[in-house]
Every structure is written in C-alpha cells, then in structure tokens.
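A short worksheet on the structure shown next.
All of the numbers you see were taken from the coordinates with simple rules; none came from a lab. Remember, predicted model here, so these are calculated numbers, not experimental data. With ideal geometry, Cβ positions are generated from the backbone for all residues, glycine too; neighbour counts draw on all protein chains shown.
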Amino acid sequence: MYGLVNKALCEMITRGHGEATWERIRAVADVDVEVFISMDSYPDAVTYQLVGAAAGILGEDVPQLLYTFGRHWVLDTAAQHYGHLLQAGGRSFREFMLALPNFHARVALMMPQLVPPEFACSDVAEHTLTLHYRSQRPGLAPFVEGLIDGLGELFKVEVQCRRIPDASEGPSHTVFDVGWSPVA
Ligand code: HEM
C-alpha cells in the first residue's frame, strides 16, 4: 500500500499514545522504516504487521483498531490532506455513498500503483442502501465500518452500518446494510 496509509497509522498512534509507543510497535512489528514516504509503495505485509503489533501493545483487538483507524482516516487524514478528493466525492452522505464505487478511480489518477478496494451499491432507497465491498486484502471490513461512520460524522448524519455475514460470498466480498438519518 502507499506509504500514506502507514503514515496515517503512525500519526494516529503517536498523537494518542506518544512517540515511544509507536517506536515499540515498530520494533515488535519488525518494520525498519523510520519515516514513511506518502507516495512510495510498501508491501501490504508492513501495514498488517504494524496493525497487529499496535493492537497487541495497545491491548485492543485488531478489528477494533481498524475501526478506529477508519474513522481517523476520514475525519483527520483525508480531511487534512485530501480535502479536495473528499469534496469531489459528494455533497451529502447519500451522494458520497452512491459515488463511492468510482471514488478510488480518481485517487488512482494521482497514485498509479493503487490497488483499490471495490465498492458497489444495490437496493438504493432514500435513506438506506446495501453496500458491497470487495478486496484482495483480507480482514479489512472493520476498517470500512470505521470509514462509513466517519463519513456519517463528516456529513452530520446518524449512520447505522451492519455487516450481513450471510450475504457475503467468501472472505473477499462483504455486504453491509447502511442506513442514515439527520442527527437529532
Ligand atoms: C480522500 C481520500 C482517500 C484517499 C486518498 C484514499 C486512498 C487510498 C489508498 C492509497 C489506499 C491503499 C491502497 C494501495 O495503496 O494500493 C486505500 C485503501 C482503501 N481505501 Fe481509500 N482513500 C480515500 C478514501 C476512502 C474512502 C472514503 C473509503 C470508503 C468509504 C475508502 C476505502 C478504502 C479501503 C477499504 C481500503 C483498503 C484496501 C482494500 O480494501 O483492498 N477510501 N485508499
């Protein structure tokens, strides 16, 4: 994955737990990169090792950490560094979700080595839809849940995002029921 993902993880952990904790995580993960370059590509294993080590040291489980990272990605990283992309993604939560299947195509214009996730929407109604997530990378569904909740906060709507295990076809396809309403 592009270095900006690992860099964002480093920022989130350093901000919440200090630099020394991040250094311990990096040591346990056996990752010798001191500073990630946003636009360089790194093996996915680096990210998985860092997430696994971070969960262990912070006493969280991996899905919980990925969820928190998803929210951080939207509300901090993307808002701070990729605001133009977020803005181009839609003017409301609904618009953003409907455009999500094409979102990373725009990102790929800037990042040609991107191996993006795939999204599709079905059963679209005024305040609900079904979101399909496909990826070559296992275990990232909680990250998607965090991203969706972060988008809800960004667009000031109350989001319910529920994974439907029965509808998913194997580890590479996850289905979510997504519903939203204005924040009371
Ligand atoms: C402005 C913002 C965004 C940028 C610049 C961006 C960029 C990226 C990058 C660089 C990766 C790593 C993949 C690689 O390097 O090959 C990635 C992965 C991912 N992105 Fe985005 N992204 C953005 C917003 C979003 C949003 C809003 C969502 C969903 C709601 C999303 C969902 C994902 C997921 C699930 C992955 C994990 C990779 C996978 O599932 O295979 N991203 N994105």
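Between beta-carbons, use under 11 Å as the cut-off and find the net charge around R134, counting Lys and Arg +1, Asp and Glu -1. Surrounding charge for R134 is -1.
Sort S122, S181 so the one with the fewest other Cβ atoms within 10 Å of its own Cβ comes first.
Working: S122 9, S181 13.
Ranked by crowding around the Cβ, least crowded first: S122, S181.
Simple point charges give the picture: +1 on the Cβ of Lys and Arg, -1 on the Cβ of Asp and Glu, and for the stretch 66-182 a dipole about the Cα centre of about 300 debye. Be a star and scan the stretch 1-29 for residues whose amide nitrogen sits under 16 Å from the point 7 Å along the Cα-to-Cβ vector of E153. Taking a point 7 Å out along Cα→Cβ of E153, the residues of the stretch 1-29 whose backbone N falls under 16 Å are 9, 11-17. Under 15 Å from a point 7 Å along the Cα-to-Cβ line of A120: which residues of the stretch 74-102 have their amide N that close? Within reach of a label on A120: 100-102.
Looking at the stretch 118-165, the trypsin sites (Lys or Arg not before Pro) that sit in a DSSP loop and have at most 16 other Cβ atoms within 10 Å of their own Cβ are K156. Note on V28/T130: beta-carbon distance plugged into 1/(1 + (r/R0)^6) with R0 of 41 Å gives a FRET efficiency of 0.60. Across the options L85, T68, P142, the greatest Cα extent toward the positive end of the charge dipole of the chain (unit charges at beta carbon of Lys, Arg, Asp, Glu) belongs to L85. When a/c is below 1.5 the answer is rounded, else prolate if a/b is larger than b/c, else oblate, so apply that to the stretch 81-149 with a ≥ b ≥ c taken from the square roots of the Cα gyration tensor eigenvalues. Oblate, since a/c reaches 1.5 and b/c is not below a/b.
Note on the chain: helix-only mean residue ellipticity at 222 nm, from DSSP H runs of 4+ residues weighted -39500 (n - 2.57) and normalised by residue number, equals -15500 deg cm²/dmol. Look at the dipole of the chain built from charges on Cβ: of A8, L154, I57, the Cα furthest out on the positive end belongs to L154. Here the gap between H81 and R162, fully extended at 0.36 nm per residue and compared with their Cα-Cα distance, gives a gain of 26.3 nm.
Between the helical axis of 93-110 and the longest alpha-carbon principal axis of the chain there is an angle of about 50 degrees.
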